[in-house]
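J.: Sharing a structure, written as structure tokens. Questions coming.
Since every read-out is calculated from the coordinates, none of them should be taken as a lab result. No experiment lies behind these values; they were computed from the predicted model shown. Positions of Cβ are generated from backbone atoms using ideal geometry, with glycine treated the same way; all protein chains shown enter the neighbour counts.
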Amino acid sequence: MRISARADYAVRAALQLAASRDDAPLKAEAIADAQDIPHKFLESILNDMRRGGLVLSQRGGNGGYRLAKPAESISIADVIRVVDGPLVSVRGVRPPDLSYTGPAESLLPLWVALRSNVREILEGVSLADVAAARLPADVSALTETPSAWANP
């Protein structure tokens, strides 16, 4: 599984909004500067997030963006799906829509299992969890072995 630049930037922008202490909207420029995201790219991402119901936008001198729901109710999976589509696909196809034959037949349950694990992690972590640096215990436990940090 690869996390695209678009998904990475979207999550980081959402986290910047989640960390905003007051309810005042944040300007795209401020988010882009704080997270080192190209401004024009961020504008496109924020528009997708607005259309996806994750952020609200407000025009004018005091305008900007804010989360449409509490950060506790927006999962990392929600953000990624809005900007990139399904969390796991194979050649752009969702695993249940695939079929294999012969020795490759058991690939389908492997891809489905992978999708299940990715969903479990990304749906189980909210913007509030990450913004507060308090990942769920089961997610934190996955990072405790040295092999989790190594590139084979």
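J.: With springs only between Cα atoms under 10 Å apart, run a GNM on the chain and tell me which of Leu135, Leu54, Leu127 wobbles the most.
T.: Judging by the Gaussian network model, the answer is Leu135.
J.: While we're looking at this one, here's another question. Are there GluC sites (Glu not before Pro) in the range 38-145 that DSSP marks as loop and that have at most 15 other Cβ atoms within 10 Å, and which are they?
T.: Passing both the DSSP loop test and the Cβ count: Glu105, Glu144.
J.: Per DSSP H run of n ≥ 4, the term is -39500 (n - 2.57); total these for the chain, divide by its residue number, and report the mean residue ellipticity at 222 nm rounded to 500 deg cm²/dmol.
T.: Rounded to the nearest 500, the figure is -14500 deg cm²/dmol.
J.: Still on this structure, please answer the following. Can you work out the PRE-style zone for Val139? Point 7 Å along Cα to Cβ, and I want the residues of the range 40-82 with backbone N under 12 Å.
T.: 72-80, by backbone N distance to the label point.
J.: Using all C-alpha to C-alpha distances in the chain, build P(r) with 10 Å bins and read off the rounded percent in each one.
T.: P(r) for the chain, in whole percents per bin: 10, 35, 31, 17, 6, 1, 0.
J.: Which whole-Hz couplings ³J(HN,Hα) result when phi for each residue of the range 19-30 is put into the Karplus expression 6.51 cos²θ - 1.76 cosθ + 1.60, θ = phi - 60°, listed in order with x for Gly and Pro?
T.: Rounded to whole hertz, the list is 7, 5, 6, 9, 8, 5, x, 9, 6, 4, 4, 5.
J.: Please identify, among Ala133, Ala104, Ala77, the residue showing maximal mean-square fluctuation in a Gaussian network model of the chain using a 10 angstrom Cα cutoff.
T.: Ala104
J.: Right, something else. Just need the Rg to Rh number for the range 1-88, please, alpha carbons only, Kirkwood Rh.
T.: We get a ratio of 0.94 for the range 1-88.
J.: Additional query: Among Gly64, Gly92, Gly124, which one moves the most in a GNM of the chain with springs linking Cα atoms closer than 10 Å?
T.: The residue that fluctuates most here is Gly92.
J.: Find how many whole Å separate the alpha carbon centroid of the range 1-78 from the alpha carbon centroid of the range 97-152.
T.: 24 Å
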